[in-house]
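K.L.:
Could you have a look at this structure, given as structure tokens, before my questions?
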Amino acid sequence: MKFCWTTLYVKDMEESLRFYKEVVGLKENRRYSAGPGVEITFLGEGDTEVELICSEQKKDIDVGHDISLGFVVTSVEQMMELVNEKGYKIHSGTFQPNPHIKFFYVQDPTGWKIQFIENM
């Protein structure tokens, strides 16, 4: 079995795309209307993508507190600077549970937790 994507409902497609492109660095692969008031965008490279769905009908989005998406970065410090420059607040961290990994969390515009991980 092959994992292909994670779906996130978002409140504002443009604001979310700005975050995932400018901060996370994901490439937009395809974007389309999926019916009246529903827009879908796929982002990423390789075999695994992030699917964003924005629906006028879905106003209440249940963001799980124990769910996060993790992305590897070359430097946690540089990523924290970029996050701050773009106007996003650090959710929590930095954490270094062992000598081989360091990470922090930020929330995307909808409130999903995004983890940025540096392998030491």
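The values are calculated or read from the model by the stated rules, or taken from the named source; none is laboratory data. The shown structure was predicted, so the numbers you read here are calculated from the model rather than taken from an experiment. Positions of Cβ are backbone-derived with ideal geometry, glycine not excepted, and every protein chain shown enters the neighbour counts.
K.L.:
Filter the range 88-100 for residues that are outside any strand (DSSP E or B) and over 15 Å from the mean Cα position of the chain (by Cα); which is modelled with the lowest pLDDT?
P.N.:
In this case the residue turns out to be PRO99.
K.L.:
Say whether the condition of being more than 13 Å from the chain's Cα centre (by Cα) and of a type in the set (S, T, N, Q) is met by at least one residue in the range 22-31.
P.N.:
yes
K.L.:
Let me ask something additional. Do we find a residue being at positive phi and touching a Ser or Thr at 6+ places or on another chain (Cβ under 8 Å) anywhere in the range 37-44?
P.N.:
Within the range 37-44 (the criterion being at positive phi and touching a Ser or Thr at 6+ places or on another chain (Cβ under 8 Å)), the answer is yes, since at least one residue qualifies.
K.L.:
Right, next: Determine which member of the set LYS113, LYS86 is under 18 Å from LEU17 (Cα atoms), surrounded by 11 or more Cβ atoms within 10 Å (Cβ to Cβ), touching a residue at least 40 places away in the same chain (Cβ under 8 Å) and out of contact with any helix residue (DSSP H, G or I) (no Cβ under 8 Å at 6 or more places or on another chain).
P.N.:
Testing whether each residue is under 18 Å from LEU17 (Cα atoms), surrounded by 11 or more Cβ atoms within 10 Å (Cβ to Cβ), touching a residue at least 40 places away in the same chain (Cβ under 8 Å) and out of contact with any helix residue (DSSP H, G or I) (no Cβ under 8 Å at 6 or more places or on another chain) leaves just LYS113.
K.L.:
Next question. So which residues in the range 12-28 are crowded, with 17+ Cβ neighbours inside 10 Å and either among the acidic types (Asp, Glu) or part of a loop (DSSP other than H, G, I, E, B) (or both), if there are any at all?
P.N.:
Answer for the range 12-28, where residues must be crowded, with 17+ Cβ neighbours inside 10 Å and either among the acidic types (Asp, Glu) or part of a loop (DSSP other than H, G, I, E, B) (or both): VAL24, LEU26.
K.L.:
Quickly run through the range 11-37 and pick out the residues that are among the aliphatic types (A, V, I, L, M) and in contact (Cβ under 8 Å) with a residue 40 or more places away in the chain.
P.N.:
MET13, VAL23, VAL24
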